[in-house]
Every structure is written in structure tokens, then in C-alpha cells.
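J.: Have a look at this one before I ask anything.
The values are calculated or read from the model by the stated rules, or taken from the named source; none is laboratory data. Just so it is clear, the structure is predicted and the values come from calculations on it, not from any experiment. For neighbour counting, all protein chains shown are included, and Cβ atoms are generated from backbone atoms with ideal geometry for every residue, glycine included. Note: accessible area is taken over every heavy atom of the protein model, side chains too, but ligands, DNA and RNA are not part of it. Shrake-Rupley method; radii C 1.70, N 1.55, O 1.52, S 1.80 Å.
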Amino acid sequence: MADHRAQDKLAFLLSLVPYLVDHDRVSVAEVAAHFGVPQSQIRDAVRLIGVSGIPGETAQYQHGDLFDINWDDFELNDQIVLTNRVAIDDSPRFSAREAAALIAGLQYLSALPEHADRAAVASLMAKLSRGASAVPSSLTVEATATDGTLALIRESVSTGVQIEFCYRSAQGEAQSRRVDPLRIESFDADWYLRGWDHLRQGVRTFRLDRISEPVITTEPITFRAQDVTLPETLFEGSPEDLLVTIDVVPSAAPLLADYIPAGAVTTEIGGLFRTTIRVSHYHGLKRLLASMSGMATVVEPAEARTAVAEWAAAGAARYR
Amino acid sequence: MTAARATPRIPVEERLFSLVLALLASENGLTKVDILSTVQGYRQRYLVDGVTPGLERQFERDKDDIRELGVPLETIEAPDDPGNNQNLRYRIPRGDYELPADISFSPEETTLLNLAAMVWREGSLSGESRRALMKLRSLGVIADEPMLGYAPHIRVRDAAFEPLTGALEKRLVVRFGYLKPGETHARTRTVAPIALIQHQGRWLLHGFDQDADGTRNFLLRRILTPVQITKQQFEPFSADATDAALADLERLWSERTAVVAVEPATDAATRLHKRRGTVTDEAGRLLLHYTDVNLFADELAGFGPEVLVVSPPELRDAVRSRLERTATDHG
């Protein structure tokens, strides 16, 4: 089993050295901000680099075979100055898996307005392949967000005006909504807009494929992304949520992972997992369960079973 | 200096870092004994006990850990003494280690790569994407802040994903139990993996099925046993194999068209209308493309009475039987 923490630390050291080589004198704070790590991690790494080197001719790690830094400037002023370096000049190549992950990520995001320049993205992927130490393994993710809604949302933010659209909820009712866009989130093929909803006076989440007729308004935006702290999880629980016990075949259990609340108990009964899911209303539940026919069944409460049964029966009746 | 019995504790990362530095600096490579006796982190143990099996195992693990980071740690046989393991030399050729000098990334490109790395925050590629970003930052480029916040996620919740990426990289044949829709029992498949593809939000393994003697797609969700990685290595597939698989999926998708009547002003009407490639015919029915009849039937069944499949008959039957089964299971 690989020691991933030590691997991460090594990758960091191999990345930090060329950065320091390129910067004659740089503060710990600046390096920490650039790499997005705590300052203590930079100081630890610099102390290690400062005493590291190669065995050299004498095999004794003599002074000239070691990295050196200006220790006074480091200890007194929190500034890093490399005064001697060995072995490393440039940044390391990407591993095949690293390059594959980035290339697949770019493919997945190719519907974003930022990716409009196709030729530029293709050349970026080619550079990643060439900058890898082995041929990137074949990992491919289809782009899924395809219509122009994302571009309009971005325009709304860049011009500072609200976006208005028709939104049909899982219950089926359609409403006109006016929103200050805050963030685009996605999970595989499902894309969401989180924004300040002027109708509800709160942060709401909208599925992009339930949005229709989006238009840019003339009303200025009230909130921008930096003004609002968004909860980390997209699917937040609320006290009004309904808890439903279900049986699910083990291979389909990952499909329900987002609905299973923290601390839910899962038991195995006759080859099925019995667990609890959380839903905000039975309209969402009946759609979910009808899309998992033969894979999942509601155990209780009875009203939830009835909601699913009626939905499916009404659907089946259309074929008679 | 006295050879103290109490060897100083050298942190793992210091030993790994020292090994990389030593191998990068050595033109002709170092033998294992050179390394164990002189490199920081090994020499402290060597001084006390010499070459021990434990120290040799440590070196083997360290080599694997270093190679996993994309560091090209090479083994060279002595030309006058091939096959003698004691004379193997190890080195890291600088040209294969360093990012080629003509590769640089603009602030816009760095922004795109930051976003691309973000999608793997959960799951087995999170370490890779984090380390790729470190290497990117070492180039010192400052990314443009995107105008709008993004939080994209690709999920890899299928247990088969992790072993399959490993097998794909090492080009090893895998074996797993696969449940084909319509069959009641999982059947063992022996497959040379060609690519992992996420299509319509689901992970597929595209591979060469040795028993069927042809390429097949396997939905990871239908792999019901742990993936067993064999020792059998296969020749690399051509670089076009993945593109061919994608083109095949795309061709299937455009060939398979369903005619569906949707109730106006419903969730189904909004969402199906927005699917890629959807066309409305004169009668107001939707023409929808799909690749897998079972997966598409699951999706359409979720819409309940909002959707009526007109054709093809196999899709119509699949949706109808799903709805009937759900109604019965909850009756």
C-alpha cells in the first residue's frame, strides 16, 4: 500500500524547488498563498530542502552537495532565498494518471463558456499528453451541459444583472424566477445553478434542465458569489424532510448515496440493503423509485408506498 | 563520528526526496548497494545492519511510490553482465523527468486546468488531481479568477473503478462477474481494458472480451463481483481505440431514436425537450436519441404518466414492464 501522505509531500518538495529557483527572494506568505497550503507547511518544506542534497563524490553529503538557503533571512524575515541548489532545475512531468485526470476533466467541462475556444482546449490537452512521463491512460468523460443557459448565466454575472427564467419544480408547477447567479455545480450529467432567488428571498438550487426561457433582465444584481456563504452540500437537509425506509439491491445502492442522511443505519436482509433515505416531498421520491424499478422498493411509511404505486400505475395505465 | 546504535529517525519524505536527488544527479546510475550505503535515510540503517531484507523491501516500495508520481526511475543492466541483479543500476534521466522546456501554460489555461482538477475532488483520482495542481503551480503562473463560481464533480462511486484504472495503466487483463440485463445470473468475463468512459453520466469499461473475441462495453454498475486483476499483460491498443469506442457510442446514440409523447407543461416536457439532439415532430411528439435501451427505459419510467413511449416496441415494452413492476412491488 502506497504511503500517499509521503508521496504528496515528495510531490510538493519536487514542485516547490523549481518555484524557488525561479524566485530570487520570496516570502513564506506569498508561496503559501500561491500553492494554497498553510505557511507552516512551507516552512517545514524549506527547512528540509535546506539540509537535503546528494551524496556527492565523497558520499558524505559535503557542503557543496547540499541545497542551501539564506537562513538568517528565513528565520528573521520569513523570506526564502536559495543560495545553492543541486540536481533539480525544472518542474517535474505529470504522471500518466495525473495527465489523464486533467484531460478527462477538460472534456467533461467542454460545455462551459470558458471553453468556447475549442482549438485552444485541444492544444492544452495535447500539451498535457506531451508533458506526461508516460502515455496518459484512457479515461474519457462525455460533456453533458449542452444548451446556452450556462452562457446566459455567465453573462448575467459579468454584466451584473439578474437572470429570469421559467422553472418547473418536481411537483410540476411552473413559476417565473428572478435570480442572482452565485455558483454552477454539477454531479456527473446533472447540472445545477445556485443563486439568490428574489421571489423566495433566499438561496435556492435549480436544475439546469428544468430551466426554460432564460433571459437577461435590466434589474441589477443584489448579491455576488463573494457576498454569500453557500453551504458545502448541495442537498441540504431540512427539518421538514420526510424519512423513508427502502430496500435496495447492493449494486444500485450508490445511486441513492446523496439521499442517505449521515448516521443512517444500513442492514442487510436477504441479499438487499435496508436503509433510510431523506426526501423533501413524495413527488421527488416517486420519480426516483420509478426510475429504479426492480432495484429499490419503499418499505415504509405506507403513504410513500402509495405515492410510488399510484405514480407507476398511472404510467402503466397509459399502455392499456 | 561514532556509529550510534540508536539510528536517527529520517522522515519518509526526506528519504524519498534524497533518493530522487541522488538518482537525478547521477549520470551513469547507482547500484542498489551504492544507494543503500550512501543515500540519506537508507545509509543510517545500512551503517548499523548492512543490507537487510527489510532495507531491500523498503527500497522496492520507495521505487514504486516514486514511479507512481510520474518520476521515470529507470533500471539499467550492466552491458558486460546482463541478468545479474547485483549489477543493476538505477537512474532518473533528466530529460524524461523534467517538463519539456517548450511547455508552458497561460493564466487562462491554468484557470481551465484548476477547474479540470476540481472535478475529481472525491474518489480515487483526488490524489492525482491534487498533485497535478502542485506541479502546475510550480511553474509560477497565476490563474485568472473565473467570473462565476464553479463546483463541478465527477463521481466514481462504482467499486470497480479503482481496480480498473490500475489494470488499464498496467495493461493487465481483468476478470469480473457481469450481469447482463435480461440474464438472471452474473457471468464471469475476462477482459483486456481499453478505456474507461463516462457516457450519459454512467461509467463504462470498453475492453476486449477474450471469450467473445471482440470489443464490448460493460457498465460498471453491472459488475457484481470484485474485479480480479490477473498477471496476464496485453499489448497496448492503438491510440485510436478510445476514439473508435467513442465514435461507436455516438453512432449508436444517433441511430437509436425513440418516439415519445409527453404531456405538455410537465417535468418530462421541460427536461426531455432539453436533452441533446431532441427534435419535435409535426404531431408534437419528441424524437429522442439513446444508447442503451435498459438505461433509457429506467430514465423514462421515472416520468411515470408524463411520458408514453410510441416506439420502438422494445423500449415501449421495457418502460411498461418497469412501471408495472414498480406498481406491483409497492402494492
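J.: Quick one: count up the residues across region B:102-119 that are touching an Asp or Glu at 6+ places or on another chain (Cβ under 7 Å) and either at the interface with another protein chain (Cβ under 7 Å from one of its Cβ atoms) or of a type outside the set (Asp, Glu) (or both).
T.: Matching residues across region B:102-119 total 3.
J.: Select the strands (runs of 3 or more DSSP E) contained entirely in region B:219-331, then report the ones holding at least 3 residues which are open to solvent by 50 Å² or more (accessible area, probe 1.4 Å) and more than 8 Å from every other protein chain (Cβ to nearest Cβ).
T.: Result: B:228-233.
J.: I'd like to verify a number: residues in region B:158-183 that are more than 9 Å from chain A (Cβ to nearest Cβ) and outside any loop (DSSP other than H, G, I, E, B), how many?
T.: Qualifying residue count, region B:158-183: 14.
Here is a yes/no grid of residues against (1) charged (D, E, K, R); (2) loosely packed, with under 15 Cβ neighbours inside 10 Å:
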{"site": "B:50", "(1), (2)": "no, yes"}
{"site": "B:70", "(1), (2)": "no, no"}
{"site": "B:81", "(1), (2)": "yes, yes"}
{"site": "B:116", "(1), (2)": "no, no"}
{"site": "B:130", "(1), (2)": "yes, no"}
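J.: Okay, moving on. From the list A:123, A:129, which one is within 23 Å of residue A:10 (Cα to Cα), in a helix (DSSP H, G or I) and at pLDDT 90 or above?
T.: Checking each option against the conditions leaves just A:129.
J.: Pick from A:81, A:86, A:46: which is facing chain B (nearest Cβ under 10 Å) and either of a type in the set (A, V, I, L, M) or more than 29 Å from residue A:212 (Cβ to Cβ) (or both)?
T.: Testing whether each residue is facing chain B (nearest Cβ under 10 Å) and either of a type in the set (A, V, I, L, M) or more than 29 Å from residue A:212 (Cβ to Cβ) (or both) leaves just A:86.
J.: Given the condition closer than 28 Å to residue A:289 by Cβ, free of Cβ contacts under 8 Å to residues at least 12 places away in the same chain and not hydrophobic (A, V, I, L, M, F, W, C), answer yes or no: does some residue in region B:246-263 qualify?
T.: Scanning region B:246-263 turns up no residue that is closer than 28 Å to residue A:289 by Cβ, free of Cβ contacts under 8 Å to residues at least 12 places away in the same chain and not hydrophobic (A, V, I, L, M, F, W, C).
The rows are residues; the columns are (1) under 27 Å from residue B:210 (Cβ atoms); (2) not small (Gly, Ala, Ser).
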site	(1), (2)
B:239	yes, no
B:249	yes, yes
B:264	no, yes
B:277	no, no
B:283	no, no
B:292	yes, yes
B:305	no, yes
B:316	no, yes
B:325	no, yes
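J.: Out of the residues in region B:168-183 that are modelled with pLDDT under 95 and touching a Leu at 6+ places or on another chain (Cβ under 8 Å), state the one that is most open to solvent (accessible area, probe 1.4 Å).
T.: Result: B:179.
J.: Only one residue in A:146, A:140 is at the interface with chain B (Cβ under 7 Å from one of its Cβ atoms), modelled with pLDDT under 90, within 30 Å of residue B:236 (Cα to Cα) and not in a helix (DSSP H, G or I). Which one?
T.: A:140
J.: Something else: Check region B:144-158 and report whether any residue there is of a type in the set (Lys, Arg), buried (at least 18 other Cβ atoms within 10 Å of the Cβ), more than 15 Å from the chain's Cα centre (by Cα) and modelled with pLDDT of 85 or more.
T.: no
J.: Let me ask something else. Being surrounded by 16 or more Cβ atoms within 10 Å (Cβ to Cβ) and free of Cβ contacts under 8 Å to residues at least 40 places away in the same chain: is that true of residue B:193 here?
T.: Against the criterion (surrounded by 16 or more Cβ atoms within 10 Å (Cβ to Cβ) and free of Cβ contacts under 8 Å to residues at least 40 places away in the same chain), residue B:193 qualifies.
J.: Of the residues in region A:155-185, how many are closer than 27 Å to residue B:264 by Cα, open to solvent by less than 30 Å² (accessible area, probe 1.4 Å) and in a strand (DSSP E or B)?
T.: 5
J.: Open to solvent by 50 Å² or more (accessible area, probe 1.4 Å), among the β-branched types (Val, Ile, Thr) and either under 27 Å from residue A:231 (Cα atoms) or assigned to a helix (DSSP H, G or I) (or both): which single residue out of A:218, A:205 fits that description?
T.: A:205
J.: Among the residues of region A:94-103, are any at the interface with chain B (Cβ under 8 Å from one of its Cβ atoms), touching a residue at least 12 places away in the same chain (Cβ under 8 Å) and over 24 Å from residue B:139 (Cα atoms)?
T.: no
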